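Asks: I have a structure I would like to understand better, so I am pasting it below and will then ask my questions one at a time.
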Amino acid sequence: MTTADLMVALPASVRLEAGRGGLPVLRVDAPAAQAEIYLHGATVTDWTPRGRESVLWLSSASRFTRDAAIRGGVPICFPWFGARPGHPEAPSHGFARLSEWSLVGAEDDGQDVTVLLRLTDSDATGASAWPHPFEAVYTVVVGSRLSLELTVSNRGYDSLVFDEALHTYLKVRDIRATQVSGLEGRPFYDCLAGPEPASGEPDPVRFSAATDRIYLDTTATTTVVDPIADRSILVAKGGSEATVVWNPWVDRAADLSDFGDDEWRSMVCVEVGNLREAAVHLVPGASHTLSATFELSPSRRTLPNRSTTS
Ligand code: TA6
């Protein structure tokens, strides 16, 4: 596929190329950062601020095929999160991250580069476990921050209910030395324990085993503190009442064919979204926007010394 095929004029800072697996990818070269966005799933697979280490994690075992989600970057979970109740055949996390999104346009204002992508209902979505008329517009702003905005509109005559999450894989030096702050005191579902929500914990999230938590009733910015890399990743959000924190640890990583056995050490997922009790309800004609903004800051915090097993 070339730009001419798309009939879209792109600024010189945005190139449409054949990426891994031959999938079309947009390579963005902004003054403050580089980024990559696959049209497959509108998946941002790289955001690297100039002079810094890339912020998004991508598995070396990720498949780049149309029948699988990319394992890493920012897959979009929509219109359901996890399994679709009553539809065992439905793909985990919905169809958005498996769909080819259309490139609407791109612009470079000399500082940031903005890319607009779009997905609408189709015969395929009409035959899915969520067969409703919709439009999803995804705005990616690449600069000293990475800003993502997912706006979903109800194009039908019935009210819509859907889950959504920006399932972001963040790169850390060692998950066992990493903390996620900002969720202190918030109730959460521990997806590896029972169905009842756990009451909040007073401390930042630390990792010493598989962790899969859905925090509810939180609009907070979270901070991923990576002391070994001496940096923190700030995850601000808008239009979101839930945040998911996930690390598969040894066993789950080994079970995933598109996840290197040892790669669990170098990543953490912090996913902003709306799911479970915080699912989005849209009356006909209404729209809702979910946003996430990622920013690097030096980690000025000194964390208590914690030995990490080798
Ligand atoms: O990140 C939370 C989660 O729902 C986990 O339960 C785990 O399943 C993860 O998403 C990855 O899901 P995937 O379908 O991409 O393998």
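Derivation of every value follows stated rules applied to the coordinates shown; laboratory data play no part. Computed from a predicted structure; not experimentally measured. Backbone-built Cβ (ideal geometry, glycine too); neighbour counts: all protein chains shown.
Asks: Looking at the stretch 224-245 only, could you name the residues that are within 10 Å of VAL270 (Cβ to Cβ) and buried (at least 21 other Cβ atoms within 10 Å of the Cβ)?
Replies: Selection gives VAL224, ILE233, VAL235, LYS237, THR243, VAL244.
Asks: Here is a follow-up. Let me spell it out: the conditions are (1) surrounded by 16 or more Cβ atoms within 10 Å (Cβ to Cβ); (2) within 16 Å of the ligand (Cβ to nearest atom); (3) of a type in the set (A, V, I, L, M, F, W, C), and VAL250 meets all of them except one. Which number is the exception?
Replies: Result: VAL250 passes all but (1).
Asks: While we're looking at this one, here's another question. Can you tell which of SER159, SER181 is away from the ligand (no atom under 16 Å from the Cβ), in contact with a Pro (Cβ under 8 Å, 6 or more places away or on another chain) and farther than 23 Å from HIS288 by Cβ? Full working, then the answer.
Replies: Values: SER159 fails: farther than 23 Å from HIS288 by Cβ.
So the residue among SER159, SER181 that is away from the ligand (no atom under 16 Å from the Cβ), in contact with a Pro (Cβ under 8 Å, 6 or more places away or on another chain) and farther than 23 Å from HIS288 by Cβ is SER181.
Asks: Let me ask you something else. Check every one of the strands (runs of 3 or more DSSP E) wholly within the stretch 210-274 and list those with 2 or more residues that are among the small types (Gly, Ala, Ser) and either over 15 Å from the mean Cα position of the chain (by Cα) or over 19 Å from GLY82 (Cα atoms) (or both). Talk me through it step by step, then tell me what you get.
Replies: Working: elements: 211-215, 222-226, 231-238, 242-247, 267-274.
Qualifying strands (runs of 3 or more DSSP E): 231-238.
Asks: All but one of (1) on the phi > 0 side of the Ramachandran plot; (2) within 16 Å of the ligand (Cβ to nearest atom); (3) of a type in the set (Gly, Ala, Ser) hold for ALA193; which doesn't?
Replies: (1)
Asks: Grab the strands (runs of 3 or more DSSP E) fully contained in the stretch 121-163, keeping just those with 2 or more residues being within 20 Å of the chain's Cα centre (by Cα) and surrounded by 15 or more Cβ atoms within 10 Å (Cβ to Cβ). Even if it seems obvious, please write down each step before you answer.
Replies: Values: elements: 134-142, 146-154, 160-162.
Those strands (runs of 3 or more DSSP E) span 134-142, 146-154.
Asks: Condition first: farther than 26 Å from GLU263 by Cα and crowded, with 16+ Cβ neighbours inside 10 Å. Now tell me which residues in the stretch 201-220 satisfy that. Talk me through it step by step, then tell me what you get.
Replies: Taking the stretch 201-220 as the starting set, the residues that turn out to be farther than 26 Å from GLU263 by Cα are 201-202, 216-220.
Across the stretch 201-220, the qualifying residues are LEU216, THR218, ALA220.
Asks: Another question, then. Can LEU183 be described as hydrophobic (A, V, I, L, M, F, W, C), assigned to a loop (DSSP other than H, G, I, E, B) and closer than 23 Å to VAL280 by Cα?
Replies: Numbers: hydrophobic (A, V, I, L, M, F, W, C): yes; assigned to a loop (DSSP other than H, G, I, E, B): yes; closer than 23 Å to VAL280 by Cα: yes.
Considered against the rule, which asks whether it is hydrophobic (A, V, I, L, M, F, W, C), assigned to a loop (DSSP other than H, G, I, E, B) and closer than 23 Å to VAL280 by Cα, LEU183 comes out as yes.
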